[in-house]
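Remarks on the structure that follows.
Taken together, the values in this text are just the output of simple stated rules run on the coordinates, not laboratory data. Just so we're clear, the structure is a prediction, and the values are computed from it rather than from any experiment. No Cβ is skipped: glycine too gets one built from the backbone with ideal geometry, and neighbour counts run over all protein chains shown.
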Amino acid sequence: MKNMLENAELTAIEAYQNNQVIEVDYQENAVTAKLTGLVNFVSDHDYFYLTRHGKVTQIHFQDVLNIDILHKKWWQLQLQTV
């Protein structure tokens, strides 16, 4: 459990610092939820905020089941498709 918390925190911090898109599976009210977006804030070991289409969601590290960085340089992909 501790390793998952550390992994979730480190991944969220990396995504925040590098403006990367992540996908998160997490528990919300005893239901598994999935969300993809940009990290716009990481607290000290407790939670982070994820933004998708202007909606901000607070996710606690203890609720994270899986977290992955999807697009390391998504802005370059956007420019190539324009």
### Summary
In segment 17-34, residues that are closer than 16 Å to GLN62 by Cβ and among the aliphatic types (A, V, I, L, M) total 4
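A quick yes/no check of all residues on (1) loosely packed, with under 14 Cβ neighbours inside 10 Å; (2) of a type in the set (Val, Ile, Thr); (3) assigned to a helix (DSSP H, G or I):
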residue	(1), (2), (3)
ASN3	yes, no, yes
THR11	no, yes, yes
TYR16	no, no, yes
ASP25	no, no, no
THR32	yes, yes, no
GLY37	no, no, no
ASN40	yes, no, no
ILE59	no, yes, no
### Query
So which residues in segment 42-56 are surrounded by fewer than 18 Cβ atoms within 10 Å (Cβ to Cβ), assigned to a strand (DSSP E or B) and not hydroxyl-bearing (Ser, Thr, Tyr)?
ARG52, LYS55, VAL56
